[in-house]
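To start, the structure itself, in structure tokens.
The values are calculated or read from the model by the stated rules, or taken from the named source; none is laboratory data. Source: prediction; values computed, not measured. As a convention, Cβ positions derive from the backbone with ideal geometry for all residues, glycine included, and neighbour counts pool all protein chains shown.
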Amino acid sequence: MNSDFTLAIHSLTLLALQPDRMSTSDAVAESAGVHPVRIRKVLSLLRKNGIIKSKEGNGGGFLFALDLDEVTLWDLYKLTSEGSLQPKCPDSNEDCIVGANMREVLFFIFLGAEEHLGEYLKKYSIKEIVDLIKAKPVD
């Protein structure tokens with residue numbers, strides 16, 4: 001799983017907590033503690049997939065385009081990280097029973113793991129993330 005997944009969750013949660021005002025990529029980047037270019041890449045992906053909308057120019061920024069409960073963590077995983085659990089196998093000795101079969105066997109196992117991960121991540125929407133954030137006291 002790559003950091004774009006967590007940055008997408010972070011970005012959407014921040015936007016969800018500020019529904020009446022646009023947030024700039026710089027503001028989102030500051031909240032996430034990353035360079036604005038990294039956030040712009042993630043925000044662009046989210047915009048292309050209709051999860052957020054944007055307005056350019058003065059007073060512009062990003063807003064959530066969907067209801068908070070319409071976007072699950074599985075949706076975001078598929079956009080940012082799908083296939084990242086696949087094993088990275090070197091070219092093995094095809095004359096060896098292990099080398100000839102390891103990639104296929106591990107792919108089967110890891111595909112099952114990703115399916116289980118998907119079922120779990122489908123249980124959480126951005127609304128649940130927002131609710132969990134709101135329940136935490138600010139230190």
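Restricting attention to region 42-70, and to residues there that are of a type in the set (D, E, K, R) and within 20 Å of residue 122 (Cβ to Cβ), which single residue is farthest from the chain's Cα centre (by Cα)? Per the criteria, the residue is 67. Taking (1) more than 12 Å from residue 62 (Cα to Cα); (2) assigned to a helix (DSSP H, G or I) in turn, residue 15 satisfies each apart from (1).
Restricting attention to region 92-136, the residues that are farther than 15 Å from residue 72 by Cβ and of a type in the set (Lys, Arg) total 3. Just to be sure before I move on: is residue 84 within 30 Å of residue 50 (Cα to Cα), small (Gly, Ala, Ser) and modelled with pLDDT of 95 or more in the structure I sent? Taking the combined requirement at face value, the residue does not satisfy it. Going through (1) surrounded by fewer than 16 Cβ atoms within 10 Å (Cβ to Cβ); (2) of a type in the set (A, V, I, L, M); (3) within 26 Å of residue 120 (Cβ to Cβ) one by one, residue 8 falls short only on (1).
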